[in-house]
1. Report the net charge of residues surrounding ASP228, where surrounding means a beta-carbon distance below 14 angstrom and charges are Lys +1, Arg +1, Asp -1, Glu -1.
2. What is the fewest-to-most order of SER85, SER143, SER222 by other Cβ atoms lying within 10 Å of their Cβ?
3. Counting alpha carbon pairs within less than 8 Å and at least 6 residues apart, what relative contact order, in whole percent, applies to the stretch 40-146?
4. How do ASP183, ASP51 rank when sorted from fewest to most other Cβ atoms within 10 Å of their own Cβ?
5. Order these by the 10 Å Cβ neighbour count, fewest first: THR109, THR229.
6. Reachable aspartates and glutamates from LYS89, Cα under 13 Å, same-chain residues fewer than 8 places away excluded?
7. Please report the net charge: other residues with Cβ closer than 12 Å to the Cβ of LEU112, K and R +1, D and E -1.
8. Going Cα to Cα from LYS57, which aspartates and glutamates come in below 13 Å? Please leave out same-chain ones fewer than 8 positions away.
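What follows draws every value from the coordinates through simple rules; no lab data is involved. Not measured: the values here are computed from a predicted model. Backbone-built Cβ (ideal geometry, glycine too); neighbour counts: all protein chains shown.
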Amino acid sequence: MRMRRRQQQFADDKQAFLEAVAITARASRADKQDYLGWTGQRELRISAIVDEAFGVKSFYFTDPEGAPLPSFEPGQFLTCHLATSAGEKPLVRCYSLSDRPREEYYRLTVKLCSPPADRPQLPPGRGSSRLHAMQVGDRLSVSAPRGGFFLDPRRRHPLVLIAGGIGVTPIVSMLASLAEAGDDREVYLFYGVRNSNEHPLRDQIEEIVREHPNVHQFVLYSQPLPDDTQPDDYHEQGRITVDLVRRIVPTGTFDYYLCGPGGLMETMVEGLLAAGVPADRVLYEAFGPASIRKPSDTAEPATVAAGPPTRVVLANSHHEVDWDNHCESLLELIEELGVAIDSGCRSGNCGMCAARVLEGDIATVKQPGAQAPEGYCLACISVPKSPLVLDL
Ligand SMILES: NC(=O)C1=CN([C@@H]2O[C@H](COP(=O)(O)OP(=O)(O)OC[C@H]3O[C@@H](n4cnc5c(N)ncnc54)[C@H](OP(=O)(O)O)[C@@H]3O)[C@@H](O)[C@H]2O)C=CC1
């Protein structure tokens with residue numbers, strides 16, 4: 001009985017926390033009255049599916065009764081609860097919203113996540129496979145749009161938007177919002193992708209560039225196809241580099257927004273800071289393995305100091321193990337032990353993996369996008385700093 005009460009208390013606290021994450025984004029945009037969001041999960045219907053590029057599909061979600069959908073900040077993501085076979089817990093995955101806020105629909109553009117190049121025998125990503133198998137008319141439970149990576153309306157500097165591969169999705173949402181608002185500041189979009197087969201949302205971006213002289217696009221193909229031509233398909237062969245950005249963008253004060261593969265983000269963030277761009281002008285989104293740290297992060301190192309092993313106890317599931325740094329986060333360790341825990345963005349933004357700390361201290365490996373409430377940690381970005389007891 002006491003256990004059930006405690007679980008209920010945990011569920012209530014966690015719900016309050018998830019709402020707080022949404023409120024933080026809302027408060028940061030106090031001038032926008034129409035940001036409502038919703039609490040918990042809500043069912044949406046897939047109204048259309050569009051093939052965008054090789055292995056990339058856009059899913060258009062609408063309210064089943066046709067009700068208007070709440071607004072969101074361009075750059076934010078939607079958390080999907082993807083049903084599995086009967087009895088199993090749904091897979092929780094966060095995908096960036098890829099169009100500007102519209103009352104009629106939310107659009108997600110999702111790439112079927114392939115196995116790593118060096119382990120092709122592995123199956124494709126479970127979340128993206130599940131979504132790609134869905135049909136028009138299917139319904140999906142989603143949590144309200146969230147996330148700390150969004151076009152901040154209080155900042156008025158001209159923009160440099162840098163995207164790699166499917167990381168272009170939140171960037172297109174920003175671009176489409178700027179275009180819709182008639183925002184006339186200079187915008188430089190750098191987009192790195194392999195070739196024309198893998199070039200999603202191209203028509204939409206090109207239309208915006210055509211119709212808005214203040215928006216400039218520079219496309220790099222790293223592996224162009226024999227039929228790909230310059231400048232129709234791409235401008236240069238290769239990858240985005242800081243030198244290229246500095247060559248194209250005029251001198252001045254810009255805000256930089258980045259999203260793409262981990263390597264690209266790591267190189268570009270480091271390079272921009274080294275080139276003298278102030279850290280508060282470099283904003284980026286990184287999900288899961290693409291999570292990166294920047295020097296301004298005050299978060300502590302991922303590893304615990306050498307010395308006697310640090311004990312991690314999961315009180316409810318009766319697990320007790322030594323933390324030996326082979327996992328990158330408590331979430332990884334908890335999953336490895338087979339203990340049920342929700343997770344979403346895996347980079348401290350969505351709050352799905354909040355776990356109550358009963359005893360001990362944690363350190364975080366990156367700055368959280370969502371602040372965990374007193375007594376909780378975000379397991380995906382936390383490691384133990386001392387012997388730890390978690391309420392799991
Ligand atoms: N909101 C978010 O946080 C989102 C994040 N993502 C992230 O994007 C990543 C995957 O994107 P995906 O489409 O598979 O990427 P790809 O592997 O297809 O790479 C896309 C392009 O980026 C280039 N690239 C790779 N590494 C670097 C680097 N170090 N510097 C410059 N360019 C580089 C690639 O060049 P080459 O061909 O030479 O490798 C390629 O041209 C995932 O890690 C995902 O987490 C995606 C969507 C949303």
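1. Value of the local net charge: -3.
2. SER85, SER222, SER143
3. Normalised by residue count, the contact order of the stretch 40-146 is 37 percent.
4. By the 10 Å Cβ count, ascending: ASP51, ASP183.
5. With the sparsest Cβ surroundings first, the list reads THR229, THR109.
6. ASP342
7. +1
8. GLU198
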